[in-house]
Amino acid sequence: MHESQIRLKAVSSYVLSPPGEHLTISDIADQSRAAYLALMKSAVSPFRNADLAEWFKGPYRRCVSPAGIMLGRTPTPFAIARGSVDVHVDVLTLQAREEALVALRHLKNLREQDTSFTFDARNRGFITECRDDEGTRGLCPVDAPEMKLYERMLSLIAVDYVARPQDYEERLAICRRCEMPFFDGIHACARGLSIHVKRAG
Ligand SMILES: [Zn+2]
């Protein structure tokens, strides 16, 4: 399918129904949040290339496979999604975290729902509209080969934000020490805890 046809089709509504799976819009939002938070942890325990590959094949792949099925696309191989090997994994994850933090701080400080945040991602085909078999409409993150890591992160944030904007306005906090975002008001800070760790012997 030509790229422009994919974009045209993206404005209509796909039904979220991976074979043999009951998946709701809320599940997609949960998975998207879990996937971007997992990558944010690279701030306190840096990712090696293998960790990033695992993230791609695990938490990220779970989020994008429903849209992949709907759009009839095969998953982008890690080597292509990762891009040039000359760019160190630390640079990739740092950029992704910084862009994510800018977006999260923006969403946290909003007084009204921001549609411009998702417009760009939607326009570029990085997220697509869908509905689940319960009739709930929402968004799914898309795996497009040309996407940078930070764009993948932003697509996950956009999908979660649209599903529950109030979480971002009311429940989101960002740790000042380690810059980990969290939603439940409780955060076991890896940086904070390390100060109190007793050394054996
Ligand atoms: Zn912390």
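The values are calculated or read from the model by the stated rules, or taken from the named source; none is laboratory data. Remember, predicted model here, so these are calculated numbers, not experimental data. Positions of Cβ are backbone-derived with ideal geometry, glycine not excepted, and every protein chain shown enters the neighbour counts.
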Practice prompt. For residues that are closer than 17 Å to R61 by Cβ and in contact with a helix residue (DSSP H, G or I) (Cβ under 6 Å, 6 or more places away or on another chain), tally how many sit in the range 127-154.
Written response: 9
Worksheet, complete the sentence: Considering the range 111-130, residues that are among the charged types (D, E, K, R) and over 16 Å from the mean Cα position of the chain (by Cα), and then whichever is nearest to Y150 (Cα to Cα), we arrive at D114
Item to complete: Quick one: in the range 63-81, of everything that is within 14 Å of the chain's Cα centre (by Cα) and at pLDDT 95 or above, which residue is nearest to T128 (Cα to Cα)?
Response: V64
Worksheet item: Looking at M180, M153, M147, which one is within 16 Å of the ligand (Cβ to nearest atom) and either under 16 Å from R33 (Cα atoms) or touching a residue at least 40 places away in the same chain (Cβ under 8 Å) (or both)?
Response: M180
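For the range 74-81, state whether one or more residues are free of Cβ contacts under 8 Å to residues at least 40 places away in the same chain and in a helix (DSSP H, G or I).
Residues of the range 74-81 that are free of Cβ contacts under 8 Å to residues at least 40 places away in the same chain, as a first pass: 74, 77-79.
With in a helix (DSSP H, G or I) added as a condition, the list becomes 78-79.
Looking for residues that are free of Cβ contacts under 8 Å to residues at least 40 places away in the same chain and in a helix (DSSP H, G or I), one finds at least one in the range 74-81, hence yes.
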Practice prompt. Give the range 76-129 a look and list any residue that's surrounded by 17 or more Cβ atoms within 10 Å (Cβ to Cβ), at negative phi and small (G, A, S), or say none.
Written response: A81, A96, A100, A103, A121
Worksheet item: Hey, any hits in the range 43-50 for a residue that's in a helix (DSSP H, G or I), within 16 Å of the ligand (Cβ to nearest atom), at pLDDT below 95 and out of contact with any His (no Cβ under 6 Å at 6 or more places or on another chain)?
Response: yes
Practice prompt. Among the residues of the range 183-193, count how many are more than 10 Å from the ligand (Cβ to nearest atom) and of a type outside the set (V, I, T).
Written response: 3
Worksheet item: Which of (1) touching a Ser or Thr at 6+ places or on another chain (Cβ under 7 Å); (2) surrounded by 14 or more Cβ atoms within 10 Å (Cβ to Cβ) is the odd one out, the single condition P145 does not satisfy?
Response: (2)
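Can you tell me which residues in the range 82-99 are in a loop (DSSP other than H, G, I, E, B) and in contact (Cβ under 8 Å) with a residue 60 or more places away in the chain?
Here is the first cut: in the range 82-99, the ones in a loop (DSSP other than H, G, I, E, B) are 83-88.
Within the range 82-99, G83 is the sole residue that qualifies.
Collect the residues in the range 156-177 that are in contact with a strand residue (DSSP E or B) (Cβ under 8 Å, 6 or more places away or on another chain) and away from the ligand (no atom under 16 Å from the Cβ), keeping them in residue-number order.
Our first condition is that a residue be in contact with a strand residue (DSSP E or B) (Cβ under 8 Å, 6 or more places away or on another chain); within the range 156-177, this holds for 156, 158-159, 162-163, 172-175.
Hits for the range 156-177 are L156, A158, V159, V162, A163.
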